[in-house]
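Data block below; observations after.
The values are calculated or read from the model by the stated rules, or taken from the named source; none is laboratory data. None of the values given here were measured: they were computed from a predicted structure. Cβ sites come from the backbone with ideal geometry, for glycine too, and all protein chains shown count toward neighbours.
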Amino acid sequence: MPVSPARRLGYRVLRRVENGTDFAADLLRAAPESLSEADRHLVTGIVLGVLRRRAQLDDVLARLSGRPLSYFDPEVITVLRIAVYQICFLERIPKSAVVNEAVEMTKLARKRSAAGLVNAVLRKCEASTVAADTDERTTRLAVPAWLLRRWESRFGMDAALDLARQTLETPVTAIRLVAGDIDGIQEELASAGIKTRPADYAPNALVVEGGNITKSEAWLAGRVVIQEEASQLVGSLVRPQRGQCVLDLCAAPGMKSAEMGAKLQEGTMVLCDRSERRLRGMEITRLLPAGVRCSAVQLDAASPLPFSIRFDRILLDAPCSGTGTLGRNPEIKWRLTPDDITRLAAAQVRMLRGSLEALGPQGRLVYATCSLEPEENEQVVEEVLAEQGEFTVLPRTRSAKEWPHLAGLFDERGYFRTRPDLNGTDGFFAAVIERRQIVR
């Protein structure tokens, strides 16, 4: 029997992701337009499901085959993971069809000699082979052991397990309004069969509970954009004022840039990114008010900045481990190592140190990551501010007055934090930094 387009594409995407050169979300967005809506939904579910549950699936394969994973060729492992995921987690797909297509896929992958073994392993697989997510052993397989130990040490065992369990779930889709009002957009979307609710924290956001937002007229016309809720909150902390000069140092893909531009209304924005390709791919011009002048500059924010001017507002949304977004970007779980966190933190220190030099006398800088790890968050801020004593983190009392709807997200030191298990959003950290007030 032929292999369906969705499963062929799912195999190709997973192989590229496993090679460590690509991210699943980017590859899925680039899926052929000829792919049907049903197949697009299926391939997305298979790819992200396999990545979220990779260690669980490997545990099942080792038990069913009686062999370590190193026994199998990488191509065969990918075929088996796809098949086991479908058998155990996708109830509507008959097992016989899954097994037959897995055997054919093995042959297409030029591993014909393994076809019999694939068939034998999968014939023994049943939906009950995988324990429920409430089982502690299963939950512990949701993330690498070293990461779970870090979380246990920092948050306690129960919270660490909750965080691990969250990485198995499909995150909600949030949208930000570009034009119109919440009630009007919500009513418009409802008439198109798209169910939404107001977001918990972002005042200009809705959470999609049903329907395809990308098929709506509101999305196609640019009245709404897809942007994760905590990401919207970080952008709002920059709080640019009309006429100011704003620097976004790690701008791609540009959602926070567009949000800041909408608040700026009139002024100048300089958008930077290390990747020329990602910088070219940013399509935010149509989302910016006519009064905002926008320039793009390719640069590495960890190197000395080339600007002679000083900026009123700076956003440094630093490249990080991404441990706050593992439900959305599950391949990070299996690529990340403890050494990566140390390496990233060193680069973040250089970025923050250099970006503060570009801040104007009355300016404000927001340092942000989507990491849960202290080495990338408060430790970076405290190391740099200890060197440069003229700067300080905005205290909690002032933050609560400026953003009363977010008061509960600032800790006693003034740091902004969200967590998937506590807030139902991605995990973000932010520090709002200003120059110290000199009392005369």
- request: All but one of (1) of a type outside the set (D, E); (2) closer than 25 Å to A25 by Cα; (3) buried (at least 20 other Cβ atoms within 10 Å of the Cβ) hold for W151, so report the exception by its number.
  value: (2)
Options R353, R313: the member that is of a type in the set (K, R), surrounded by 23 or more Cβ atoms within 10 Å (Cβ to Cβ) and touching a helix residue (DSSP H, G or I) at 6+ places or on another chain (Cβ under 7 Å): R313
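Look through A142, A179, A132 and report the one residue that is in contact with a Leu (Cβ under 6 Å, 6 or more places away or on another chain) and either in the same structural domain as T214 (by TED's automatic domain parsing) or closer than 29 Å to G210 by Cβ (or both).
Working: A179 fails: in contact with a Leu (Cβ under 6 Å, 6 or more places away or on another chain); A132 fails: in contact with a Leu (Cβ under 6 Å, 6 or more places away or on another chain).
One residue alone meets the criteria, A142.
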statement: A31 meets each of (1) in a helix (DSSP H, G or I); (2) surrounded by 15 or more Cβ atoms within 10 Å (Cβ to Cβ); (3) without any contact (Cβ under 8 Å) to a residue 24 or more places away in the chain with one exception, condition (1)
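Kindly indicate the residue of region 379-406 that is under 26 Å from G327 (Cβ atoms) and surrounded by fewer than 18 Cβ atoms within 10 Å (Cβ to Cβ) and also nearest to the chain's Cα centre (by Cα) among those meeting that condition.
Initially, region 379-406 is screened for residues under 26 Å from G327 (Cβ atoms), giving 379-381, 403, 405-406.
Remaining after also requiring surrounded by fewer than 18 Cβ atoms within 10 Å (Cβ to Cβ): 379, 405.
On the way: Q379: 22, H405: 23 Å.
The selected residue is Q379.
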query: Restricting attention to region 324-347, which residues are crowded, with 17+ Cβ neighbours inside 10 Å, in contact (Cβ under 8 Å) with a residue 40 or more places away in the chain and part of a helix (DSSP H, G or I)?
result: G324, T325, E331, K333, A347
message: Which of the numbered conditions does L163 fail, given that it passes all the others? Conditions: (1) part of a helix (DSSP H, G or I); (2) at pLDDT below 95; (3) closer than 20 Å to A430 by Cα.
response: (2)
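Restricting the search to region 370-399, which residues are out of contact with any strand residue (DSSP E or B) (no Cβ under 6 Å at 6 or more places or on another chain), at pLDDT 95 or above and among the small types (G, A, S)?
We begin by selecting, within region 370-399, every residue out of contact with any strand residue (DSSP E or B) (no Cβ under 6 Å at 6 or more places or on another chain); these are 370-375, 378-380, 382-384, 386-389, 392, 395, 397-398.
Filter again for at pLDDT 95 or above, leaving 370-375, 378-380, 382-384, 386, 392, 395, 397-398.
If the condition is that a residue be out of contact with any strand residue (DSSP E or B) (no Cβ under 6 Å at 6 or more places or on another chain), at pLDDT 95 or above and among the small types (G, A, S), then S371, A386 are the ones that fit.
Could you please let me know if T106 is without any contact (Cβ under 8 Å) to a residue 60 or more places away in the chain, hydroxyl-bearing (S, T, Y) and buried (at least 21 other Cβ atoms within 10 Å of the Cβ)?
Working: without any contact (Cβ under 8 Å) to a residue 60 or more places away in the chain: yes; hydroxyl-bearing (S, T, Y): yes; buried (at least 21 other Cβ atoms within 10 Å of the Cβ): yes.
It is true that T106 is without any contact (Cβ under 8 Å) to a residue 60 or more places away in the chain, hydroxyl-bearing (S, T, Y) and buried (at least 21 other Cβ atoms within 10 Å of the Cβ).
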- line: Listed by range, strands (runs of 3 or more DSSP E) wholly within region 215-300 having at least 1 residues that are of a type in the set (D, E, K, R) are 245-248, 267-273, 292-298
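In the set D133, D162, which member is free of Cβ contacts under 8 Å to residues at least 40 places away in the same chain, among the acidic types (D, E) and farther than 19 Å from G66 by Cα?
Working: D162 fails: free of Cβ contacts under 8 Å to residues at least 40 places away in the same chain.
Exactly one residue qualifies, and that residue is D133.
Checking the structure you have, find out if any residue of region 123-141 is more than 22 Å from K95 (Cα to Cα) and of a type in the set (G, A, S). Steps first, please.
Pass one, region 123-141, residues more than 22 Å from K95 (Cα to Cα): 134-141.
Going one step further and asking which of them are of a type in the set (G, A, S), we end up with none.
There is no residue in region 123-141 that is more than 22 Å from K95 (Cα to Cα) and of a type in the set (G, A, S).
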- prompt: Hey, among the residues in region 171-202 that are among the hydrophobic types (A, V, I, L, M, F, W, C) and free of Cβ contacts under 8 Å to residues at least 24 places away in the same chain, which one's surrounded by the most Cβ atoms within 10 Å (Cβ to Cβ)?
  reply: I194
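Does region 410-425 contain any residue that is basic (K, R) and either at pLDDT below 95 or in a loop (DSSP other than H, G, I, E, B) (or both)?
In the first step, residues of region 410-425 are kept if they are basic (K, R); the result is 413, 417, 419.
Next, only the ones that are either at pLDDT below 95 or in a loop (DSSP other than H, G, I, E, B) (or both) stay: 413, 419.
Yes, there is a match, as at least one residue in region 410-425 is basic (K, R) and either at pLDDT below 95 or in a loop (DSSP other than H, G, I, E, B) (or both).
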task: Show the residue pairs that are 6+ apart or on different chains and have beta-carbon atoms under 8 Å apart, the first residue being within region 36-54 and at pLDDT 95 or above, the second being crowded, with 24+ Cβ neighbours inside 10 Å and aromatic (F, W, Y).
output: I46/Y85; G49/Y85; V50/Y85; R53/Y85
query: Hey, among D248, D273, which residue is under 15 Å from F311 (Cα atoms), in the same structural domain as Y415 (by TED's automatic domain parsing) and buried (at least 24 other Cβ atoms within 10 Å of the Cβ)?
result: D248
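Between R149, R137, which is outside any loop (DSSP other than H, G, I, E, B), over 21 Å from the mean Cα position of the chain (by Cα), within 27 Å of Y85 (Cβ to Cβ) and at pLDDT 95 or above? Full working, then the answer.
Working: R137 fails: at pLDDT 95 or above.
Going through R149, R137 in turn, the sole match is R149.
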